[in-house]
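**Student:** Before I ask anything, here is the structure I am working with.
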Amino acid sequence: MPDEIVRHLMFRGFNYRCRIVENPAARTEPVVVMGGAFQDMYAWRRLEKPWTEVATVITADLPGSGMADHLPGRHGFAFLAEALAHLLEQVVCGPVNLFGASYGVPISYLLSQQHPDRVERLMLLGAAMEYPQEGRNGLQDMADNLIAGKNAEAYGHASVNALMAGPERLVRNRATGGWQEKHRHKWRWAG
């Protein structure tokens, strides 16, 4: 694994940081990875080897994620896209290959709209036009459990049900050659 550098930055009073895995012999523009909710700038390390072989890779804990400062709810995706633009101004000369996954999709998409000159290629993964009602219900259950002061187990059940596509949910192309049945016990809470 190549050496990495962690840069500490500030945007509009919020501290955040980025991780840079430099490739001195890069064959393409830097790959900037904007991960999803519950991911930090180290979440993609196990998958980045093909990228680091051809490019410098940059991941970030923008405000509100990872070890960055807490971000109040009044700041939305537009603020985060501005923070990403700030990061690019500070650490990259020229355009980037921008990869957004899940929660990182709207941030990446907004940045590419507002600063098209900064994006050579845009890759988006795990985005949906609308969050399904079943998922919204699960998130509401999570909030209700927290408000009611229920124990961690109840919160854990609600979290898994809201955020994971377990075997009872319809998932297109789920076929896994038997893996699903063999490992079904790992997807459920005991009890």
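The values are calculated or read from the model by the stated rules, or taken from the named source; none is laboratory data. None of the values given here were measured: they were computed from a predicted structure. Virtual Cβ from ideal backbone geometry, glycine too; neighbours counted across all protein chains shown. We work out accessible area using only protein heavy atoms, side chains counted, and drop any ligands, DNA or RNA first. Shrake-Rupley method; radii C 1.70, N 1.55, O 1.52, S 1.80 Å.
**Student:** Need the full-extension length gain, Ala127 to Ala143, defined as separation in residues times 0.36 nm minus the C-alpha distance. One decimal, nm.
**Tutor:** Length gained between Ala127 and Ala143: 3.5 nm.
**Student:** With every atom except the alpha carbons ignored, what do you get for Rg and Dmax of the range 27-74, in angstroms?
**Tutor:** Just the Cα atoms of the range 27-74 yield Rg and Dmax of 12.4, 40 Å.
**Student:** Sorted by accessible area (1.4 Å probe), largest first, how do Glu48, Glu82 line up?
**Tutor:** Correct descending sequence by accessible area is Glu82, Glu48.
**Student:** Further question on the same structure: Would you rank Arg45, Arg17, Arg74 by solvent-accessible area, highest first, keeping every protein chain in place and using a 1.4 Å probe?
**Tutor:** So the residues, ranked largest to smallest area, are Arg74, Arg45, Arg17.
**Student:** Would you kindly compute the Cα radius of gyration of the range 1-147 and its largest Cα-Cα separation (Dmax), both in Å?
**Tutor:** Values for the range 1-147 (Cα only, Rg and Dmax): 15.8, 52 Å.
**Student:** Taking every DSSP beta bridge with both residues inside the range 1-136, roughly what % is antiparallel (nearest 5)?
**Tutor:** If I count the DSSP bridges inside the range 1-136, around 50 percent turn out antiparallel.
**Student:** Any idea of Met10's accessible area? Nearest 10 Å², probe 1.4 Å.
**Tutor:** Surface open to solvent at Met10 totals about 100 Å².
**Student:** Still on this structure, I have one more. Just to confirm, what accessible area per residue do you get for the range 1-151 at 1.4 Å probe, in whole Å²?
**Tutor:** About 57 Å² of surface per residue is accessible.
**Student:** Right, another one. Report, as a whole number in µm² per second, the diffusion coefficient that Stokes-Einstein gives for the range 1-54 at 37 °C and 0.692 mPa s using the Kirkwood radius over alpha carbon pairs.
**Tutor:** Using the Kirkwood radius from Cα pairs, D works out to 262 µm²/s.
**Student:** Still on this model: Go ahead and run the numbers for FRET between Lys49 and Cys93, Cβ-Cβ distance against an R0 of 25 Å, rounding to 0.05.
**Tutor:** Calculated value: 0.55.
**Student:** Another question, if that's okay. How much accessible surface does His115 have with a 1.4 Å probe, in Å² rounded to 10?
**Tutor:** Its heavy atoms expose roughly 60 Å² to the probe.
**Student:** Please work out the C-alpha center-to-center distance from the range 112-136 to the range 139-154 and express it in whole Å.
**Tutor:** That distance is 29 Å.
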